[in-house]
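The structure appears right after this line, and notes come after that.
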Ligand code: GDP
């Protein structure tokens with residue numbers, strides 16, 4: 001309604017993207033973004049919690065206002081290559097962390113906390129918008145604020161632009177660090193000029209984008225930058241309830257030879273304790289030990305803290321939503337159930353329909369409907385073929401014609417067939433080269449015919465297990 005489009009036309013657009021959807025279906029964020037791009041509509045995602053929602057056991061608990069306390073902001077550093085992202089993260093890690101006197105951060109666990117004026121900031125240790133967006137694609141929005149690093153001697157470059165778009169798509173505030181101001185050829189004003197072209201109007205130019213000129217290399221203005229992060233965080237009123245069972249996101253995970261599965265969890269809400277029962281995606285476990293970024297053993301981890309956790313039965317996936325459950329058996333059951341589902345989905349991925357083994361799949365109950373895409377040289381043939389094909393349906397198998405079109409079988413047809421487990425019939429038309437390539441990769445069955453009865457005969461035989469092996 002908001003974009004003034006009829007459901008049918010959206011369904012057609014989705015088909016063209018290879019997605020079969022009905023009007024009641026939920027779409028993931030990637031698909032929505034593609035759809036919006038097609039329609040030239042700008043989308044703003046309030047919070048990308050699709051995976052979180054689907055992975056959360058039980059309803060989301062809404063914390064009472066009086067239980068909510070301010071929490072540190074979680075920050076990702078983005079920008080073009082060589083503009084100084086790593087240097088900036090390094091200098092903050094080396095000099096602005098609580099344990100810097102005691103030898104500093106010894107371990108890379110995926111995130112660390114810096115401190116300015118006794119206030120904490122959590123930095124995601126992997127710079128760049130790729131990791132950020134990969135997380136978002138999995139439904140995990142962890143970042144509250146983006147620091148956009150722009151080298152003053154280079155200005156806005158392609159990845160700067162990408163980073164701006166990705167941060168905007170996530171709906172998070174951007175703070176610009178105009179870096180390398182120590183360089184003789186630095187032109188911070190030019191950077192500001194360029195920023196305006198992307199809708200980021202610097203404060204001193206009357207806009208609301210905070211720009212801080214810095215030199216990561218010479219440690220100039222780093223505290224000012226961090227203070228701005230705190231200021232923005234305070235304006236955003238980022239809050240969490242430390243007195244509840246923890247929820248978070250896996251930001252890194254691996255199998256350690258000596259220690260078993262190790263996962264870094266960024267706590268989004270609540271407090272994680274040693275001994276807690278955890279569920280993350282298809283795996284569960286009990287927190288055996290936790291370590292902070294200094295390699296220190298900790299017993300508690302509160303909102304916005306990142307901790308390395310030992311005790312998972314299996315390695316969870318980065319991006320997994322993590323939840324503490326009171327009931328260990330429930331966690332185990334849910335993990336097992338999800339594992340089974342995942343395996344099933346993987347099997348189905350491989351088991352694409354083909355006429356060859358259609359009968360077998362029908363017998364095994366894997367296929368209850370046969371989806372067909374018809375491409376033909378003229379509309380008349382499509383209508384004739386479609387009507388006859390649908391009539392082939394039996395009690396065991398219904399025949400659906402999910403898409404038809406005049407013209408050669410193309411890549412989009414194959415993608416659609418792959419996404420909806422369909423076979424393609426080309427009537428007096430052939431697949432083009434791209435279609436053939438994708439069909440081979442995706443294992444999509446394409447059949448071409450010149451006579452209608454031959455096509456019908458094949459489908460009928462295939463359904464009855466009588467199809468002769470393909471010549
Ligand atoms: P990244 O690719 O964005 O992570 O960039 P790096 O942090 O690896 O920096 C790229 C290069 O720029 C390195 O040679 C850094 O030493 C240099 N560099 C980073 N920050 C500054 C700075 O503030 N001033 C100067 N002169 N060089 C810098």
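What follows is calculated from the coordinates using simple rules that are stated; it is not laboratory data. Please read these numbers as outputs of a predicted model, since none were measured by experiment. Note: ideal-geometry Cβ built from the backbone for every residue, glycine included; neighbour counts use all protein chains shown.
Observations
- Taking label positions 7 Å along the Cα-Cβ direction at both residue 379 and residue 313, the computed distance is 5.8 nm, reported to one decimal.
- Once the C-beta distance of residue 231 and residue 343 is scaled by a Förster radius of 56 Å, the resulting FRET efficiency is 0.70 to the nearest 0.05.
- Using the Cβ-Cβ distance between residue 300 and residue 161 with R0 = 60 Å, the FRET efficiency computed as 1/(1 + (r/R0)^6) comes to roughly 0.90.
- By other beta-carbon atoms within 10 Å, ranking 432, 413, 4 with the fewest at the front produces 4, 432, 413.
- Relative packing of peptides 450-458, 191-199, 418-426 - highest average C-beta neighbours within 10 Å first: 418-426, 191-199, 450-458
- Calculated log₁₀ intensity ratio I(q)/I(0) where the Debye formula runs over C-alpha points of the chain, q = 0.05, 0.08, 0.11 Å⁻¹: -0.26, -0.63, -0.98
- In nm, spacing of pseudo-spin labels at residue 451 and residue 27 (7 Å Cα→C-beta vector): 4.4 nm
- Each part reduced to its alpha carbon centroid, the range 399-464 and the range 201-247 end up 55 Å apart.
- Using the Cβ-Cβ distance between residue 328 and residue 243 with R0 set to 22 Å, the FRET efficiency from 1/(1 + (r/R0)^6) comes to roughly 0.55.
- Convex hull volume of the range 234-304 per residue (C-alpha atoms, cubic angstrom): 106 Å³
- Stretching residue 66 away from residue 6 to a fully extended chain increases their span by 17.2 nm, per 0.36 nm per residue minus the current alpha-carbon distance.
- In this rough spin-label picture, where each label sits 7 Å from Cα along the Cβ direction, the residue 406-residue 364 distance is 4.1 nm.
- For the chain, the 222 nm mean residue ellipticity estimated from helices alone, with every DSSP H stretch of n ≥ 4 adding -39500 (n - 2.57) and the total spread over all residues, rounds to -10500 deg cm²/dmol.
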